[in-house]
Every structure is written in C-alpha cells, then in structure tokens.
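Here's a structure for you.
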Amino acid sequence: MPDETLYAFGDFRLDAGRRLLSHRSQGAVPITSRAFDTLLHLVRNPGRLVAKRELMDAVWGDTVVEENNLTQTISTLRQLLGERPDEHRYIVTVPGRGYRFIANVEPGAHAAEPPAAIAAPPARSLRPTRIAAAIAALAIAIAIAVLLSGRFTTRPQIQSIAVLPFKPLVREAADPALELGMADTLIARLGNSGGLVVRPLSSVRKYAPLEQDALAAGRELGVDAVLEGSIQRSGNVLRVTTRLLRVSDGSSIWSDKVDQPWTTLFDMQDRLAEQVAAALALRLSNEQRRQLTYRHTQNPQAYRSYLLGRYHFLKLVPPEIDKGIEYFKRAIEQDPQYALAHEGLAEAFRALTITGDQRPADVMPRGKAAALRAIELDERLDSAWASLCFIQTWWDWDWPEAERSCRRAIELNPNGADGHRAYAVLLSDLGRHEQAIAEARRAAELDPLALITNAIEGHVLLYAGRDVEAASKLRATLELDADFWIAHLFLGKVHLARNELQEALAEFQNARERSGANTETVSMVGYTLARMGDRSGAQAALAELLARGADHYVPPFNVAMLYNGLDDADDTFAWLEKAYADRDVRLTFLKIEKKWDPRRSDARFESLAKRMKL
C-alpha cells in the first residue's frame, strides 16, 4: 500500500507526517503552516478543480478569513515551487472558481528525498557527547538549507514599493474610485518619504482586477515590496485590511485590519501611512514626517469628488476626461483650497488639447490658471509644477520658464515620474536629445507600466534619430495595451522616418480606428498616402478634415501637414500661420520634425521658427 503521507511531484516531495516540503537538490523548503496545508489539499486532489470555498474551509476551518488570504497563500506557494509569473507547472488559477493542481503526483513515492544532512535523526538514546554532535550537525544542516534556499536572515533595506489598488471585500460592493483613491493617497504620501521609490498610480492601476496576484505585480513592477489592501463600505462604516509583502520571498512585513466610520477615513489614511513608514524603517526628516500625514482637504465630500475625477481622467479618452473635469470642479466647489483638485483640473485641460482636438485657447489658459492656483495653495506639489511645465511648453512657448518649472518639479520629488516626463518633452522640442533621452528613461524607470510614459520615451528616441530603439520601445508599449492609439501613431512616425510607407500607413490606420478618428491620425494617413503617390487618397483625407472644420475645431497644424504631403507650399504656410495664431500644440515640434525639412530653406519657415524662438 502506498504511504498516504508521502507525495512526490516534479522535483519536490511532500511529507504530511513530518509536515516537510523538500526539493531534490536544495533540501528542506521553509514553508508556513497555512501554505503547507493549502499545498497538501491540492496535492491530494490532483487534476480536480478545487473551489476556493472548499480550499478555505479545508485550511482555515471555522476561522473567518477573506478571499485575498487564499490568493496570497497561492502566490507564496507558486514562488516556493519556482514558478515564474507567466508559467504554471503546478498550480493553475481558474478565474472566479478556484485552483487546479496539474503536476503528476506520485503518492507514497520516494523521489526528491531531502539530503541526508537535513533528514530527521533516528529516535534512539544518545550519550551527551553524541547529543552535542547531533545538535551541531543539525545546526550546520539548517544553515546549509537556508543558504540553498536563498533566505538569509539579514535582508536588504526596502528601497522601492508599489501600492496596489485596493480590492473590494465583496465583489458586488465594489467602489473603483475609492479603491484606486486609497492607493493614490498612500502613493502620494509615501512618495514624499525621502529616498523611497514609489510606483505611481499610472503604473499600478492595471492591477485593479480582483484576480491579480500581488507578488506577481511586484515582480513585474520591479519593486522590493508591495502593499495590497481590501476595503468595504457598509453604510457609515469602512472595513480596511492591508498587508505589506516582501517581493523576494513573499514574506509579510506588516499587516493591519480596522473598522472605522467613513467620517474618520482621513485618520485611517494617516495611520496607514505612518505604519507603513515604520514597517519600512524609513528615516524621515521633520518635513517628510509632516508630509506623511498632510491632508490636502478635510472635506470628505470634496475628497470623494476628487477620487471620481481621477478615476475618469485616467482613462485618457475625451469623454472620460470631460467627466473628470466636472468632478474636479465639484471638488473645488466643495473645498476651494483643495490643491490636488486644482492640479487635477490643470492636467485634464492640458490633456484635452492633444487627445480631444480642443482649441488651445479654450483649455490651455484654464489649465494654466488651475496649475498656478494649485502651486499657490501648495508650493511643494511636484505634479502641479510638472503640469505647469507642459503648459508653458505647449501654450506659452516660454522655454526658459518651462525649464525652471520642470526642474522645480524634479527638485521637489526626484523619484516622481511627472517632472522627468515633462522635462523630456521640453528638451526634445529644443533639440537637446541626449538630455531628453535620459529624462524619458528616468521617467520610464519610475513609472514602468504607464502607457504614455513609455510612448513618450519612444517619441523622444524617434526625434533623436534612434529609430530602431524607438520602434522597440513603442512595440513594447503596445504589448502592454494593443489599443493604445498614441503608441500606434508614434510607431507610424518611426516607419515614416525609415521610409517604410506600407507599415506606416497600417499603424496610422490603427491609430485612427482606436482613437475615434482623432484629426492627427487622419492627417497622417493622408500624408502617408501622398508620400506613396496616392494623391486622390490624400485629398480625400484633406476633404474630411476641412469638412469637419465646419462644425468642430480641427487643429490647423494637421491640415498644414496634409498640404505639405501634397507639396502645396502656399497652402502649407497659410495653415501653419493659422496654427501659429491658435498656438497649436503640435507647432512646438517644428524644430525637430523631419517632415518639415523640404520647407526649412523657405523664408516663411525661418520667420515662423524665429517668432517661436526656436
């Protein structure tokens, strides 16, 4: 009869009697009691779908636990078994249902026996000297096992962290704005904590779905620690559970669970920020400690409106940006001194100029006023300085002032991506390409999964003449989200620069479809058709833009580019002058855009560049 306490699978052996997990070459594998019980239940049911509730009942019994306890335990097991995030040789998740153990299990097998040095000693009488020798041998064996498993007692200081979107305790009671907002607030507070690198919301928001694995997210984000939490609001009561995990081994650094009234949400956030800082042993100056619990508003309604504004704005499509603007305005009505709401308004107005084909005069002055008001209320708000830098670049064309604003943003928060991203765009427009690349890469290091950050790095590389690197970066961006139209647009420009016209046309058509026919995408389709000799196709694109202009704003630069492709110099310059009068954002690329090279010797072009101080 096979021994029902022994199970072998892959390179591992599970001994239920001695509660020991061992590896064929590395010996004993340190494992917590809960993780061991979870693995044992799965191994005893190989190939069968084990429901989450069944597994929780088997491991936790009558103890009331949350589903994320099980999720975390499964994540820990996968790491112990050596599975990579994209490879499941042992445990497969069946979304919304449970888990299946897929490896071949041999009950009673003797494979993967632990090395003799760490096997349990025989139970027999020993003289004192032999007892001492056995203890010494066991100590040496334990030390070897620890070294083999890479789990050293002395661990390096946590230098980077990701705060993931909080999860709802009950799926039906989900509140995405609050769940993202809790993470966003902690990100902002911890981001002011000296040398700690905190991934921004733009990189972590993709982990909002319930089935996301916290440790896998931490590895993908390249951080030392990850903070995950759950939140539920029932009437006036909030239940919040948080846990800080070390990514290298899945160990828990700190955890907390609290029920508090909604009206004390700000107290709860203060407490969480302080406890995380303490758990990470951060050395904070008095100013950094003050920033850790600094509240931009004391008004819960204004805070709620701000969270909704951020939630909609971050979708970065014009209708959602418009919703975000309305919520930011409401937050300001509820608390006129709310600096973050003013900063959110500045960022949203600025984004509409590029993504929403808005007349610059209708949005840029309002964005600038909002950024300046945010800085007036909180001079240390680095994101407001970054927004001001973008606006001074795109609207004021005041290059020295824009550079001062960018530098101030970076000075206030060297580990914030916003300032580096804005500075990269400014430096690229001015032709300072090597500096621009360095800033763009620093922004991408700090915000590795943000689509716009990665796309901007590709754009900067393109204008620096590094086409191969630009194409590689933009393809990597599209691997994160194949529907991100801005990356398709930029990649089309890379193909144009390489005279790969068919590939360029395909990317521009992709961008057009995914953007809802943004006018720049229409312009670039027409320009490419003109380059390919298809004048009728190019003229059809031109006619579409001119017809749209009858009842919607069409940026003049995009019409000028089409006339440029059709080699109509007079109409090209006529529309460039209209772009100048409108302060069209895209005119800031005049110095570095290769598509204008045939016009540079024209006195009209020289006059335009001189007036823009380029």
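I'd like the full set of residues that are crowded, with 19+ Cβ neighbours inside 10 Å and either free of Cβ contacts under 8 Å to residues at least 60 places away in the same chain or part of a loop (DSSP other than H, G, I, E, B) (or both), limited to segment 197-212.
Of everything in segment 197-212, those that are crowded, with 19+ Cβ neighbours inside 10 Å and either free of Cβ contacts under 8 Å to residues at least 60 places away in the same chain or part of a loop (DSSP other than H, G, I, E, B) (or both) turn out to be ARG199, PRO200, TYR207.
Within segment 548-563, is even one residue open to solvent by 10 Å² or more (accessible area, probe 1.4 Å), basic (Lys, Arg) and in a helix (DSSP H, G or I)?
Yes, segment 548-563 contains a residue that is open to solvent by 10 Å² or more (accessible area, probe 1.4 Å), basic (Lys, Arg) and in a helix (DSSP H, G or I).
Going by the structure shown, is ARG373 basic (Lys, Arg), more than 25 Å from the chain's Cα centre (by Cα) and more than 27 Å from THR297 (Cα to Cα)? Working first, answer last.
On the way: basic (Lys, Arg): yes; more than 25 Å from the chain's Cα centre (by Cα): yes; more than 27 Å from THR297 (Cα to Cα): no.
No: the conditions fail for ARG373.
Shifting gears a bit: Condition first: open to solvent by less than 20 Å² (accessible area, probe 1.4 Å), in a helix (DSSP H, G or I), over 24 Å from LEU430 (Cβ atoms) and touching a residue at least 60 places away in the same chain (Cβ under 8 Å). Can you find one or more residues in segment 526-537 that meet it?
Among the residues of segment 526-537, at least one is open to solvent by less than 20 Å² (accessible area, probe 1.4 Å), in a helix (DSSP H, G or I), over 24 Å from LEU430 (Cβ atoms) and touching a residue at least 60 places away in the same chain (Cβ under 8 Å), which makes the answer yes.
Now for a separate question. Test SER428 against the criterion of being part of a helix (DSSP H, G or I), over 19 Å from the mean Cα position of the chain (by Cα) and more than 19 Å from LYS594 (Cβ to Cβ), and give yes or no.
Here the answer is no, as SER428 does not meet what is asked.
Also, I was wondering about something else. Are any residues in segment 20-73 aromatic (Phe, Trp, Tyr) and either at pLDDT 90 or above or crowded, with 17+ Cβ neighbours inside 10 Å (or both), and if so, which ones? Talk me through it step by step, then tell me what you get.
Narrowing segment 20-73 to residues aromatic (Phe, Trp, Tyr): 36, 60.
The answer is PHE36, and nothing else.
If you go through segment 567-592, how many residues are among the acidic types (Asp, Glu) and either in contact with a helix residue (DSSP H, G or I) (Cβ under 7 Å, 6 or more places away or on another chain) or buried (at least 17 other Cβ atoms within 10 Å of the Cβ) (or both)?
Counting residues in segment 567-592 that are among the acidic types (Asp, Glu) and either in contact with a helix residue (DSSP H, G or I) (Cβ under 7 Å, 6 or more places away or on another chain) or buried (at least 17 other Cβ atoms within 10 Å of the Cβ) (or both) gives 3.
Based on what the data block shows, is PHE490 open to solvent by 20 Å² or more (accessible area, probe 1.4 Å), modelled with pLDDT under 95 and aromatic (Phe, Trp, Tyr)?
On the way: open to solvent by 20 Å² or more (accessible area, probe 1.4 Å): yes; modelled with pLDDT under 95: no; aromatic (Phe, Trp, Tyr): yes.
Answer is no for this residue.
Name the residues in segment 580-600 that are farther than 20 Å from HIS433 by Cα and among the acidic types (Asp, Glu), would you?
Result: ASP582, ASP584.
Among the residues of segment 331-356, which ones are open to solvent by 10 Å² or more (accessible area, probe 1.4 Å) and among the small types (Gly, Ala, Ser)?
ALA351, GLY356 - these are the residues of segment 331-356 that are open to solvent by 10 Å² or more (accessible area, probe 1.4 Å) and among the small types (Gly, Ala, Ser).
Could you please find all residues in segment 170-187 being among the hydrophobic types (A, V, I, L, M, F, W, C), in contact (Cβ under 8 Å) with a residue 24 or more places away in the chain and out of contact with any helix residue (DSSP H, G or I) (no Cβ under 8 Å at 6 or more places or on another chain)?
Hits for segment 170-187 are VAL170, ALA173.
Follow-up. Could you list, in sequence order, all residues of segment 74-125 that are at pLDDT 60 or above, open to solvent by 20 Å² or more (accessible area, probe 1.4 Å) and touching a Ser or Thr at 6+ places or on another chain (Cβ under 8 Å)?
Listed by number, the list holds a single entry, THR76.
Please determine whether any residue of segment 593-600 is free of Cβ contacts under 8 Å to residues at least 24 places away in the same chain, surrounded by fewer than 22 Cβ atoms within 10 Å (Cβ to Cβ) and farther than 30 Å from TRP399 by Cα.
no
Just checking, how many residues over segment 571-614 are farther than 27 Å from HIS495 by Cα and in a helix (DSSP H, G or I)?
Of the residues in segment 571-614, 13 are farther than 27 Å from HIS495 by Cα and in a helix (DSSP H, G or I).
From (1) in contact with a helix residue (DSSP H, G or I) (Cβ under 7 Å, 6 or more places away or on another chain); (2) under 15 Å from GLY191 (Cα atoms); (3) open to solvent by less than 30 Å² (accessible area, probe 1.4 Å), pick out the condition that doesn't hold for ASP270.
It is condition (1) that ASP270 fails.
Before we move on, is ASP398 open to solvent by 30 Å² or more (accessible area, probe 1.4 Å), out of contact with any strand residue (DSSP E or B) (no Cβ under 6 Å at 6 or more places or on another chain) and acidic (Asp, Glu)?
Here the answer is yes, as ASP398 does meet what is asked.
Moving on. Quick one: ARG189 ticks every box in (1) more than 15 Å from the chain's Cα centre (by Cα); (2) surrounded by fewer than 21 Cβ atoms within 10 Å (Cβ to Cβ) bar one, so which box is it?
For ARG189, the exception is condition (2).
Another one. For GLU457, are the conditions met, namely being among the acidic types (Asp, Glu), in a helix (DSSP H, G or I) and crowded, with 24+ Cβ neighbours inside 10 Å?
Here the answer is yes, as GLU457 does meet what is asked.
A follow-up question, please. Can you tell me how many residues in segment 418-475 are under 23 Å from ALA609 (Cα atoms) and of a type outside the set (A, V, I, L, M, F, W, C)?
Here is the first cut: in segment 418-475, the ones under 23 Å from ALA609 (Cα atoms) are 422-436, 459-465.
The next check asks that each one be of a type outside the set (A, V, I, L, M, F, W, C); those that pass are 423, 428-429, 431-435, 459, 463, 465.
Of the residues in that region, 11 qualify.
Something else: Can you pull out the residues in segment 240-267 that are surrounded by fewer than 16 Cβ atoms within 10 Å (Cβ to Cβ) and among the charged types (D, E, K, R)?
Selection gives LYS257, ASP259, ASP267.
The values are calculated or read from the model by the stated rules, or taken from the named source; none is laboratory data. All figures in this text were calculated on a predicted structure; none of them were measured in a lab. Neighbour counts are summed over all protein chains in view; Cβ atoms, including those assigned to glycine, are modelled from backbone coordinates with ideal geometry. Calculation scope for accessible area: heavy atoms of the full protein, side chains included, ligands and nucleic acids excluded. Shrake-Rupley method; radii C 1.70, N 1.55, O 1.52, S 1.80 Å.
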